[in-house]
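Presented below is the structure to which this report refers.
The values are calculated or read from the model by the stated rules, or taken from the named source; none is laboratory data. Remember, predicted model here, so these are calculated numbers, not experimental data. So basically every Cβ, Gly included, is an ideal-geometry build from the backbone, and we count neighbours across all protein chains shown.
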Amino acid sequence: MDEARLVFDFDRFPYLTADLPGIGGVIRVKPEDFGVIEVPAYEPCGDGEHLYVFFEKRGLTTRQVFDHLHQVMRIPEKSIGVAGLKDKHAITQQWLSFPARYADRLPQLEELPGVRILETGLHTNKLGVGHLRGNRFEIVVRDVVPDAFNTAQKVLSQLERLGVPNYYGPQRFGLGGRNPLRGYELVTRGKGRGRPWLKKFLIGSLQSLLFNDWLALRLERGLYDRVLRGDVAKKHATRGEFLVENPEAENPRAAALEISATGPLHGRKYYEAKHEARTLEDEILARYGLKRENFQTRKGARRPLRFPLEDAVVNAQDGGLKLAFFLPKGAYATALLREVMKKNPEADGSGGAYEDGR
């Protein structure tokens with residue numbers, strides 16, 4: 001096995017908009033250059049046993065806020081809820097929840113430097129991972145090339161028509177992109193040592209790399225905006241999934257970005273592809289000498305190969321451009337920025353983003 005293939009390198013994956021130039025530039029020069037606002041799946045109803053808190057953080061990970069709630073405010077860890085993780089090198093706004101019986105401790109949250117409470121409300125259930133519609137972004141790209149405004153508009157127009165390749169971004173793969181290699185060792189050599197959550201994370205990183213390879217293969221073979229017999233397709237409007245039996249009948253919907261093929265995050269109990277689509281998935285596994293059985297310790301899932309781009313706007317900014325857009329949950333802003341910039345947006349090492357929101 002060529003270990004180099006197991007090290008994530010964003011530059012090895014093809015661009016959808018390869019026929020258009022990029023704007024170049026850099027992101028995250030200042031925290032204000034990267035803004036994220038969580039869009040919830042529902043608002044607190046005003047009654048219930050859980051206190052919902054909408055807060056802003058600056059220069060902090062969501063985990064640091066979580067630890068402050070547990071270690072300083074003495075709120076039991078299992079009773080704290082967040083919908084997803086957000087960037088550290090940014091100004092972000094998101095919801096969290098904890099039992100309302102600890103409401104008198106809420107002022108202590110703003111004792112953590114960089115945190116500001118924006119809104120509170122009561123609700124009937126704990127906030128769960130994935131309980132969000134998506135995230136709104138405002139990102140400044142500095143030191144761009146001449147005519148960057150027109151270039152960005154052309155790229156965004158093509159992405160609005162075709163959807164954005166749903167690659168996992170660099171933040172999924174750890175420092176130096178080596179987490180998939182460690183995950184590979186776990187699935188091929190046995191349990192190994194380490195805490196259960198870390199093993200889960202490392203195997204998840206390998207699942208993500210295999211998905212990226214599968215997506216790249218679809219792009220290279222002209223199967224990005226088409227479905228094959230046996231594909232598990234997702235309806236973007238309803239998020240429902242179905243098995244494609246007649247691709248000729250379904251491909252007009254794929255061309256219109258109503259549906260998209262989904263790729264596997266191999267594991268147990270997930271919707272498996274059949275026929276030609278399954279053969280394509282097997283081709284990726286074979287590259288690494290892997291089989292589906294290697295992933296039986298992990299829950300499987302499917303992920304759409306693209307996502308619709310909504311509310312995209314580009315504006316000139318001193319020293320660069322500001323891009324504003326909405327992404328559904330599970331999507332990475334770095335996947336969109338990569339197409340616009342034509343480079344790995346995190347190549348300068350600023351990283352630390354978790355904009356997928358789960």
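Can you name the residue in region 289-319 that is buried (at least 21 other Cβ atoms within 10 Å of the Cβ) and more than 20 Å from the chain's Cα centre (by Cα) and is also modelled with the lowest pLDDT among such residues?
Once the filter is applied, the top-ranked residue is Phe295.
If I ask for residues that are aliphatic (A, V, I, L, M) and crowded, with 16+ Cβ neighbours inside 10 Å, which ones from region 120-161 would you list?
Listed by number, the residues that qualify are Leu122, Leu127, Leu132, Ile139, Val140, Val141, Val144, Ala148, Ala152, Val155, Leu156, Leu159.
Condition first: in contact with a Lys or Arg (Cβ under 9 Å, 6 or more places away or on another chain) and among the hydroxyl-bearing types (Ser, Thr, Tyr). Now tell me which residues in region 44-64 satisfy that.
Result: Thr61, Thr62.
Exactly one of (1) within 16 Å of the chain's Cα centre (by Cα); (2) under 24 Å from Glu276 (Cα atoms) is unmet by Gln171. Its number?
(2)
For region 9-19, which residues satisfy the criterion of being part of a loop (DSSP other than H, G, I, E, B) and surrounded by fewer than 18 Cβ atoms within 10 Å (Cβ to Cβ)?
Asp9, Pro14, Tyr15, Ala18, Asp19
Can you report the number of residues in region 10-38 which are of a type in the set (Val, Ile, Thr) and over 30 Å from Pro180 (Cβ atoms)?
Residues that pass the stated criteria total 1.
Does region 53-98 hold any residues that are of a type in the set (Asp, Glu) and either assigned to a strand (DSSP E or B) or touching a residue at least 12 places away in the same chain (Cβ under 8 Å) (or both), and which are they?
Those that are of a type in the set (Asp, Glu) and either assigned to a strand (DSSP E or B) or touching a residue at least 12 places away in the same chain (Cβ under 8 Å) (or both): Glu56, Asp87.
Looking at (1) modelled with pLDDT under 95; (2) crowded, with 18+ Cβ neighbours inside 10 Å, can you tell me which one Leu223 breaks?
Single failed check for Leu223: (1).
Go through region 233-247 residue by residue and tally those that are touching a residue at least 12 places away in the same chain (Cβ under 8 Å) and exposed (fewer than 10 other Cβ atoms within 10 Å of the Cβ).
2
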